[in-house]
Amino acid sequence: MAQLAIIVAHAQNGTIGLAGNMPWRLPEDLKHFKEVTMGHPVIMGRVTHESIGRPLPGRDNIVISRNPDYRPEGCRTATSLEEAAGMIKNDELAFVIGGAQIYAQALKLVDTCWITEIQAEYPGDAFFGPLSLEEWDREVLSELPANEKRPALTFCIFRRKH
Ligand SMILES: NC(=O)c1ccc[n+]([C@@H]2O[C@H](COP(=O)([O-])OP(=O)(O)OC[C@H]3O[C@@H](n4cnc5c(N)ncnc54)[C@H](OP(=O)(O)O)[C@@H]3O)[C@@H](O)[C@H]2O)c1
């Protein structure tokens, strides 16, 4: 079995996206995302892949669509999250990178979520969580204070309690 983990950045009100994109520009979070996921397979929904617009370099990109003929360049495809998970080598760590539909389906399959908490509210039409602290332990990895360009960011790992 592959090991699956979620990685997501969400606002205080749970927003992860608006009109097919992320409603913020956060270079520090993109750097964090790259460091955590580099070298690992990344699994995403078709909408998220099209919003990124290209395969993420240095990572095996697996895109999920109900359309069996969907063949985005430079990516592998699956028609379900379970099929995508089955395409990962045994014991290899793969990241589920969104969006809202795929996170919702992945939450029951993962024990670890790498979460960037964006300490502000944003309007959105795609949401994540919240994760209950009765079910999840929250470890803060690092915090960046707010500056003139962006709100404070809290980089966390949530681990499912057993
Ligand atoms: N803040 C973050 O960390 C973050 C990360 C990623 C994405 N986002 C944002 O999230 C938003 C996109 O999320 P979304 O929920 O609209 O789309 P999504 O989860 O990226 O993709 C949805 C698509 O995945 C396919 N799909 C979903 N469930 C499936 C299933 N059970 N079997 C087969 N295919 C399935 C369908 O593709 P077909 O229609 O082709 O069948 C569906 O339209 C965007 O705004 C994006 O910017 C934010």
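The values are calculated or read from the model by the stated rules, or taken from the named source; none is laboratory data. Worth saying up front: this structure is predicted, and the values here are computed from it rather than measured. Every residue, glycine among them, receives a Cβ derived from its backbone with ideal geometry; neighbour counts consider all protein chains shown. Areas reflect the complete protein model, heavy atoms only, side chains present, ligands, DNA and RNA absent. Shrake-Rupley method; radii C 1.70, N 1.55, O 1.52, S 1.80 Å.
A few notes on this one:
- Relative contact order of the chain, taken over Cα pairs closer than 8 Å and 6 or more residues apart, is 33 percent.
- Region 1-82, relative contact order [Cα under 8 Å, separation at least 6], %: 20 percent
- Shape of region 33-106 from the C-alpha gyration tensor: rounded (a/c under 1.5, with a ≥ b ≥ c the square roots of its eigenvalues).
- Of all beta bridges that DSSP places with both ends in the chain, some 50 percent have antiparallel geometry.
- Accessible solvent surface per residue of region 14-60, calculated while the other protein chains remain in place, 1.4 angstrom probe, Å²: 53 Å²
- Here Gln119 and Asn21 are evaluated by their C-beta separation; at R0 = 22 Å the FRET efficiency comes out at 0.60.
- Within the accessible area of region 66-159 (1.4 Å probe), percent carbon and sulfur: 49 percent
- Helix 27-37 axis, angle to the chain major axis (alpha carbon atoms, nearest 10°): 40 degrees
- Computed with a 1.4 Å probe over protein heavy atoms only, the accessible surface of region 110-155 comes to 60 Å² per residue.
- The label point for Asn13 and the one for Met1, both projected 7 Å from the Cα toward the Cβ, are 3.8 nm apart.
- Take every DSSP beta bridge whose two residues both sit in region 1-97; close to 5 percent of them are antiparallel.
- Diffusion constant of region 1-130 at 10 °C, which comes from Stokes-Einstein with the Kirkwood Cα-pair radius and 1.306 mPa s, µm²/s: 108 µm²/s
- Accessible-area value, Asp125, 1.4 Å probe, nucleic acids and ligands omitted, Å²: 100 Å²
- Span from the region 112-162 Cα centroid across to the region 3-46 one, whole angstrom: 11 Å
- Taking 0.36 nm per residue of separation and subtracting the current Cα-Cα distance, fully stretching the chain between Asn90 and Glu148 would add 16.4 nm.
- Estimated FRET transfer efficiency (Lys161, Arg76; beta-carbon r; R0 25 Å; 0.05): 0.15
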